[in-house]
Amino acid sequence: MNPGELGQLVVDVVVDLSASLQEVFTYLLPRTLEAQVQVGSCVLVPFSGQEVLGYVVRRYLADAREAKRLKPVIDVVEGVLPVDENRLALAEWLAREYQCGLSAAVRLLAPTEMVAHVQRVLRLTPLVHQQELWELSPNAPERRLLELLQEAGGQMPESLAKARLGATLFNTALYRLKRRGLVEGKNVLESASARVRTLKHVRLNISPEQAQSLADACASRAPAQAALLRALAVAEEEMLPMAELLRQVAVSPSALKSLQVRGVVDIVDAPVYRSPFGRTGKPAVDVDLQVTSDQERCLHAIGEAIEAHEHRSFLLFGVTGSGKTEVYLRAVAMTLSRGRSALILVPEIALAAQVVEAVRSRFGNLVAVLHSALSAGERFDEWRRAREQRARVVVGARSAVFAPLDNLGLIVIDEEHEGAYKQQEHAPRYHARTVALQRAMREGAVVLMGSATPSVETFYQAQQGLHTLLHLPTRVEGRPLPTVQIVDMRETPRVRGGIFSQQMAEAIAERLKRGEQVILFLNRRAYASFVMCRKCGYVVKCLRCEVSLSYHKVDSSLRCHHCDYRQSVPVRCPSCGATHILPFGLGTQRVEEEIQQLFPQARLLRMDRDTTSRKGAHHVLLARFRAHEADVLIGTQMVAKGLDFPKVTLVGVVSADTALHIPDFRAAERAFQLLTQVAGRAGRAHQPGEVVVQTFNPEHEAIQTASTHDYLQFYEREIAHREELRYPPFSRLANVLATHPEEPKAEELCRQAAERLRREIESAGVDAEILGPVQAPIARLRGLWRWHCLVKCYQQEALPDLLRGALSGFHPPQGGTLQVDVDPYSVL
């Protein structure tokens, strides 16, 4: 029956606008587009006098008379989102919970390369021709932006202009030029950038036996054709890539063309899989490891929940080296055996390489990987493998929580306490752990969270019965936890007046003598934290951010680790003219230099953001260290989590003080977690491990409890402190951050937001309070001044409605932004 006889097809569309719209809009689906537009399609629709991009989330029949009143869909564009009722409900929850538009939440369901998107373009207005460029100073930011746009023909993508000028100059220039009416912004539709990759392949139109016979018959008169036929006849695959075949046989394309003309072969375009694992597949390997009684007990509880197809959440609290990964793998195996799929989340790309290796060794080509270090094509192909159920296990970082797995049975969250699971850079500012719990609840899946140092909030929830607490109290095979020696740097002499105590230097020397390996940890890259004039105390700061510039000795540069501004080290002090400009503080480059001086024979590797910027660098460095191509691995927090190297028997914490005094209520928790995790890298095989911790604060509770691996003691102290001050888990927070190129306007914007929030608290009768507004700890970042206020809500479920009621319809002035970070991991 024709759909028109029952009614008219309409679609519900999420329009892609920067405004925080949280509803869908219904459009008439013209008959000419019915075959092309399905749920998930990207479409152009009319909205508020303009054509905008939208995503179809429902398609259904409506009353024909009602449908005729609707505006029609204009066209369909390339790209598709995996939308169903479950995923739409998750996106709607995400938009409400994290105060963002529904379109921003829906876009998370697929990699950005897979769907069309709206790009913001800057263009010159007609008024600019009346503006004489010479009136502007040659160094004025607005002149540089005008020249950039003129060179580009009058318009340029906003993101490109920002990259060319730098965020600080760009923000200032755009603000000034818009005020004068010389530049305007426009939204332009950009097509999906990632597509299926195809290559020309060759296939036989005859049987392999016939091909062999034909090759024998023509070998003397057409040897090139004969060679091609023999190669195709013995090939395991039905088709061979044409370029590879010609290279393998070493013949010209004309021979292949002759076979095609004769109808013996076909040349076709076939899709090619871009594997992040290299060209070879990896078969699954059966592993018969003996599990401990503690692991067996945990697996029994998890298995019951998987068998029952019910949503339950577990917190696997196990000391470092207790075999949490083996529990994960067996839980995945149980899930797959029941015909369901599994998702494994890891916090860091560096950690992902090691976890992926373990998972692929167990489950082979059923595994796909999703993280930001993949190329656009690799991410596209891996996502499609999961979507088409060719991969039933996905391993990935934060955004993989939205992986398109159907019949999801298990979500594993490794190192659940890690801050990397929180999106902090842009909206939606979601926490992958919270999203995973919400998704699992909607899809009837089990959540297994693991950590040696669980977040205070998660452990508290487990104690309250929201999660089932599972415990692995000892290392596998009864291996002891490493001994920890705390070195008080206030009283300890240093070797050659440098950064190493006598105790640490002797411990390193002993390991090198025995042919063992060492990890040295310092959570600060570069050579020195800052450079300062010894005469007047002047510190060189970033021109765009209110922070000091770090000294990188490898190229003698000063760099901002927030906006990447760079400059050379000044020869003379810009303040007093003195020449005594010296580096102060520590960084991984200096650690590397001093170790090389103390132990010239030692082979060193350094692992920080500077050495891992290239694709695959994490994997290469870790593989080299595992193969014992280096004796000492020096690194930042990248080396602190989840890594397992059997020959590492010493971990040295060069300075335990870097994370202790940050103005954040989670500072002590983060310090304890980092120290405990890095200590856990030592002695993971049969040789006992040792940890040497250098500190100027040996009495600090985080250092004391980490030295005894006593999470419960730290937790009891920390939870009492949190309860006294009514911080999470006894409240829920939202950080409201106002930014503007002019500081007074940033302050005023924040004060207006705080006042609206206070009025909403009073009118709604919510038990909450507002702290601030005050200048943010980092007062200026990328050219924007920052003020913030903190919402503490004691009726935790009321926070989203409180924020929406106070701030919906509140528009910042030109050049300003108002960012709302719900459940912030950091308030800097």
(request) Determine the gain in length on full extension of the stretch Glu184-Thr579; use 0.36 nm per residue of separation and subtract their C-alpha separation, reporting nm with one decimal. (result) 137.5 nm
(message) Rounded to the nearest 5, what % of DSSP beta bridges with both residues in the chain are antiparallel?
(response) 60
(message) How much accessible area per residue does segment 341-496 have, counting only protein heavy atoms and a probe of 1.4 Å, in square angstrom?
(response) 33
(request) Taking the Cα centre of the chain as origin, work out the dipole magnitude from +1 charges on Lys and Arg Cβ and -1 charges on Asp and Glu Cβ, in debye rounded to 20. (result) 2140
(message) Which GluC sites (Glu not before Pro) in segment 303-354 sit in a loop by DSSP (not H, G, I, E or B) and have at most 16 other Cβ atoms within 10 Å of their own Cβ?
(response) Glu310
(message) Quick check on segment 297-365: what are the equivalent-ellipsoid semi-axes from the Cα gyration tensor, as sqrt(5λ), descending, whole Å?
(response) 20, 16, 11
(request) Using only the alpha carbons of segment 119-242, determine the length spanned along each of the three principal axes and report them from longest to shortest in whole angstroms. (result) 83, 26, 25
(request) Determine ³J(HN,Hα), in whole Hz, for all residues of segment 263-270 in sequence, where each value follows from phi through the Karplus function 6.51 cos²θ - 1.76 cosθ + 1.60 and θ = phi - 60°; x replaces Gly and Pro. (result) x, 6, 10, 10, 10, 10, 7, 10
(message) Let me check I've understood the local charge: for Phe672, count other residues with C-beta under 11 angstrom from its C-beta, Lys and Arg +1, Asp and Glu -1. What total comes out?
(response) -1
(message) Tell me the carbon and sulfur percent of the accessible area for the chain, rounded to whole percent, probe radius 1.4 Å.
(response) 49
(request) Over segment 782-825, average the accessible area per residue using a 1.4 Å probe and give it in Å², no decimals. (result) 39
(request) Which order do the peptides 55-65, 225-235 take when ranked by the mean count of other beta-carbon atoms within 10 Å per residue, highest first? (result) 225-235, 55-65
(message) Place a point 7 Å from the Cα of Glu724 along the Cα-to-Cβ direction; which residues of segment 789-823 have their backbone N under 16 Å from it?
(response) none
(message) Modelling each spin label as a point 7 Å along the Cα-to-Cβ direction, I'd like the Phe25/Leu61 distance in nm, to one decimal.
(response) 2.7
(request) Please give, to one decimal in nm, the separation of the simple spin-label points placed at Leu289 and Asp555, each 7 Å out from Cα toward the Cβ. (result) 4.1
(message) Just to confirm the filter: which chymotrypsin sites (Phe, Trp or Tyr not before Pro) across segment 756-805 are DSSP coil and have at most 15 other Cβ within 10 angstrom of their Cβ?
(response) Tyr794
(request) Rounding to the nearest 20 debye, state how big the charge dipole of segment 436-525 is about its Cα centre with +1 on each Lys and Arg Cβ and -1 on each Asp and Glu Cβ. (result) 340
(request) For segment 67-84, take each phi angle, set θ = phi - 60°, evaluate the Karplus expression 6.51 cos²θ - 1.76 cosθ + 1.60, and give the result in whole Hz per residue in order, putting x for glycine and proline. (result) 4, 5, 7, 8, 6, x, 4, 7, 6, 10, 10, 5, x, 8, 10, x, 9, 9
(message) So for each of 66-72, 766-772 I average, over its residues, the number of other beta carbons within 10 Å; can you give me the resulting order with the highest mean first?
(response) 766-772, 66-72
(request) Over segment 577-727, consider all pairs of different Cα atoms and compute the Kirkwood hydrodynamic radius from their mean reciprocal separation; express it in Å, one decimal. (result) 17.3
(message) For the pair His426/Ser254, report the inter-label distance in nm, with labels modelled 7 Å from Cα in the Cβ direction.
(response) 5.3
(message) Run the numbers for Arg758 and Leu598: contour at 0.36 nm per residue of separation, minus the present Cα-Cα distance, in nm.
(response) 51.7 nm
(request) Residues in segment 753-791, backbone N under 16 Å from the label point at Glu743 (7 Å along the Cα-to-beta-carbon vector): list them, ranges by number please. (result) 774-788
(request) Subtracting the Cα-Cα distance from 0.36 nm times the residue separation, let me have the gained length for Gln687 to Glu701 in nm, one decimal. (result) 2.2 nm
(message) Could you tell me the extents of the chain's C-alpha atoms along the three principal axes, largest first, rounded to whole Å?
(response) 87, 70, 62
(message) For a Förster distance of 30 Å, can you work out the FRET efficiency between the beta-carbons of Gln155 and Arg197, rounded to the nearest 0.05?
(response) 0.45
(message) In whole Hz and in residue order, list the ³J(HN,Hα) couplings for segment 49-61 that follow from phi through the Karplus curve 6.51 cos²θ - 1.76 cosθ + 1.60, θ = phi - 60°; x for Gly and Pro.
(response) x, 9, 8, 10, 7, x, 10, 6, 10, 8, 9, 7, 8
(request) Over segment 540-618, give the accessible area per residue in Å² for a 1.4 Å probe, as an integer. (result) 51
(request) For segment 1-115, list log₁₀ I(q)/I(0) at each q in 0.09, 0.11, 0.20, 0.21 Å⁻¹, using the Debye formula over Cα point scatterers of equal strength and ignoring solvent, two decimals each. (result) -0.23, -0.34, -1.06, -1.15
(request) Quantify how much of the Cα-Cα distance distribution of segment 708-828 extends past 18 Å, in percent. (result) 54
(request) Tell me the GluC sites (Glu not before Pro) within segment 458-531 that lie in a loop according to DSSP and have at most 14 other beta-carbon atoms within 10 Å. (result) Glu491
(message) Over segment 423-516, what portion of Cα pair distances is larger than 21 Å, expressed as a whole percent?
(response) 63
(request) Compute the distribution of all C-alpha to C-alpha distances in segment 347-450, in bins of 10 Å from 0, and list the percent of pairs in each, rounded to whole numbers. (result) 15, 49, 35, 2
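The values are calculated or read from the model by the stated rules, or taken from the named source; none is laboratory data. Please read these numbers as outputs of a predicted model, since none were measured by experiment. Cβ sites come from the backbone with ideal geometry, for glycine too, and all protein chains shown count toward neighbours. Note: accessible area is taken over every heavy atom of the protein model, side chains too, but ligands, DNA and RNA are not part of it. Shrake-Rupley method; radii C 1.70, N 1.55, O 1.52, S 1.80 Å.
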